[in-house]
């Protein structure tokens with residue numbers, strides 16, 4: 001089973017990050033964290049890595065339902081969305097975790113409908129890019 005949802009868009013990196021945030025917001029997600037892998041690897045290891053950001057997206061009502069259903073589910077939150085430059089100019093890859101795939105590790109049937117709902121929301125956000 002594939003563990004992510006992905007698309008490639010034609011734009012510059014910074015515009016892609018902003019567009020992803022906009023589409024996530026339309027689906028009820030907020031971005032709680034933003035990890036700049038490019039800058040972090042440069043600062044910590046002095047290596048040059050392609051532009052790559054991990055956005056920690058959260059849909060509060062559904063996160064709350066998941067937290068009520070499974071006490072350790074916070075280990076799998078928020079939903080990561082990756083925006084990364086590809087090897088082709090102005091081609092940006094955007095991918096999101098497939099929560100249905102990741103929740104297979106959780107032995108709690110109450111989580112399954114929430115995972116499907118979040119997968120649908122993430123897929124719609126990515127499709128709109």
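The values are calculated or read from the model by the stated rules, or taken from the named source; none is laboratory data. No experiment lies behind these values; they were computed from the predicted model shown. Note: ideal-geometry Cβ built from the backbone for every residue, glycine included; neighbour counts use all protein chains shown.
Numerical summary
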{"quantity": "Odd one out for residue 106 among (1) within 17 Å of the chain's Cα centre (by Cα); (2) surrounded by 15 or more Cβ atoms within 10 Å (Cβ to Cβ)", "calculated": "(1)"}
{"quantity": "Evaluation of residue 62 against (1) without any contact (Cβ under 8 Å) to a residue 60 or more places away in the chain; (2) part of a helix (DSSP H, G or I); (3) within 13 Å of the chain's Cα centre (by Cα); (4) surrounded by 14 or more Cβ atoms within 10 Å (Cβ to Cβ) (one fails), failing number", "calculated": "(3)"}
{"quantity": "Residues (touching a strand residue (DSSP E or B) at 6+ places or on another chain (Cβ under 8 Å), surrounded by 14 or more Cβ atoms within 10 Å (Cβ to Cβ) and either in a helix (DSSP H, G or I) or modelled with pLDDT under 95 (or both)) located in segment 115-129", "calculated": "118, 119, 122, 123, 125, 126"}
{"quantity": "Residue, farthest from the chain's Cα centre (by Cα), within segment 1-47, restricted to residues that are under 15 Å from residue 118 (Cβ atoms) and loosely packed, with under 13 Cβ neighbours inside 10 Å", "calculated": "26"}
{"quantity": "Close pairs (6 angstrom Cβ cut-off, 6 or more residues apart or separate chains): without any contact (Cβ under 8 Å) to a residue 60 or more places away in the chain and at negative phi in segment 16-44, surrounded by 13 or more Cβ atoms within 10 Å (Cβ to Cβ) and part of a helix (DSSP H, G or I) anywhere", "calculated": "31/21"}
{"quantity": "Evaluation of residue 88 against (1) under 24 Å from residue 14 (Cβ atoms); (2) out of contact with any strand residue (DSSP E or B) (no Cβ under 7 Å at 6 or more places or on another chain); (3) buried (at least 20 other Cβ atoms within 10 Å of the Cβ); (4) without any contact (Cβ under 8 Å) to a residue 60 or more places away in the chain (one fails), failing number", "calculated": "(3)"}
{"quantity": "Segment 76-114, residues that are assigned to a helix (DSSP H, G or I), modelled with pLDDT of 95 or more and within 14 Å of residue 57 (Cα to Cα)", "calculated": "99"}
{"quantity": "Candidates 107, 98, filtered to the one that is farther than 16 Å from residue 26 by Cα and touching a residue at least 60 places away in the same chain (Cβ under 8 Å)", "calculated": "98"}
